[in-house]
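> Structure provided below as structure tokens; questions to follow.
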Amino acid sequence: MEKVPMTQEGLDALEDEQKRLKTEERPAVIRAIATAREHGDLSENAEYHAARERQSFIEGRLLELDDIIGRAEVIDISKLSGDIVRFGAKIMLADEDTDEESNYQIVGSHEADIASGLLSVTSPLGRALIGKSIGDSVEVTTPGGSKSYEIVKVSYK
């Protein structure tokens, strides 16, 4: 079974989602199904079918979360240091064409959120950055073409 690398924050977020689904969402959808059944003919009952679809989604997501959490390998970033990019590193990149700076943290694929600056270790940019250090240049092929970035800063705080 392949381990899934993640930060403690990422694991906590997944566990919070799992708890919310089990304690709030699952009971609410069971109540919705029971209420919809009271309305009669189930074959033409849109509320019933919508509640059953929601229940199916919740149960599927819970199975997925159980699997991910069971395979999670939490990497303690506080024990890492240096200027080489590794999992958990917080990085400042400068676009070599525009000099625009971006900040990212390298995280596991299940906690990635590019809008929040959380870059998946398995993304093309994440893979290109791993093992590089301050001052290095990386080139990444994106849907919009090739982009070059310089690593300006690396920290593990």
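> Determine ³J(HN,Hα), in whole Hz, for all residues of the range 141-157 in sequence, where each value follows from phi through the Karplus function 6.51 cos²θ - 1.76 cosθ + 1.60 and θ = phi - 60°; x replaces Gly and Pro.
The phi angles translate into 8, 10, x, x, x, 7, 10, 10, 10, 10, 7, 8, 8, 9, 9, 10, 8 Hz.
> Still on this structure, please answer the following. Among 141, 106, 91, whose Cα projects farthest towards the positive end of the dipole of the range 79-155, with charges put on the beta-carbon of Lys, Arg (+1) and Asp, Glu (-1)?
So the residue we want is 106.
> Computed from the mean reciprocal separation of all distinct C-alpha pairs, what Kirkwood hydrodynamic radius does the range 1-135 have, in Å?
17.7 Å
> Charges at C-beta only: +1 for Lys and Arg, -1 for Asp and Glu. How large is the resulting dipole of the chain about its Cα centre, in Debye rounded to 20?
500 debye
> Rounded, prolate or oblate: which fits the range 56-157, taking a ≥ b ≥ c as square roots of the Cα gyration tensor eigenvalues, rounded meaning a/c under 1.5, else prolate when a/b beats b/c?
Oblate is the answer for the range 56-157, as a/c is 1.5 or above yet b/c matches or exceeds a/b.
> Given 28, 45, 57, which one lies farthest toward the positive end of the charge dipole of the range 4-74, if we put +1 on the Cβ of every Lys and Arg and -1 on the Cβ of every Asp and Glu?
My answer, from the dipole projection, is 45.
> What share of the DSSP beta bridges in the chain is antiparallel, in percent to the nearest 5?
Restricted to the chain, the bridges split so that about 75 percent are antiparallel.
> Please get the size of the charge dipole for the range 79-155, origin at its Cα centre, with Cβ charges of +1 on Lys and Arg and -1 on Asp and Glu, quoted in debye to the nearest 20.
480 debye
> Specify whether the C-alpha gyration tensor of the range 36-115 places it in the rounded, prolate or oblate class, a ≥ b ≥ c being the square roots of the eigenvalues: rounded for a/c under 1.5, otherwise prolate if a/b is larger than b/c and oblate if not.
oblate
> In addition: Quick check: residue separation of residue 84 and residue 109 times 0.36 nm, minus the Cα distance between them. What number comes out in nm?
Length gained between residue 84 and residue 109: 7.0 nm.
> Further question: Would you mind classifying the range 107-157 by shape? Square roots of the alpha carbon gyration tensor eigenvalues, ordered a ≥ b ≥ c; an a/c under 1.5 is rounded, otherwise it is prolate if a/b is larger than b/c and oblate if not.
The shape class here is oblate.
> Amide H neighbours of residue 107 under 5 Å, counting only residues 5+ apart in sequence or on other chains, H built in-plane at 1.01 Å?
Here the answer is 88, 119, 120, 121, since their amide H atoms fall under 5 Å of that of residue 107.
> Right, something else. Could you state the per residue volume, in Å³, of the convex hull enclosing the Cα atoms of the range 4-74?
68 Å³
Every number here is computed from the coordinates shown, using simple stated rules; none is lab data. The shown structure was predicted, so the numbers you read here are calculated from the model rather than taken from an experiment. Note that each Cβ is placed from the backbone with ideal geometry, even for glycine, and that neighbours are counted across all protein chains shown.
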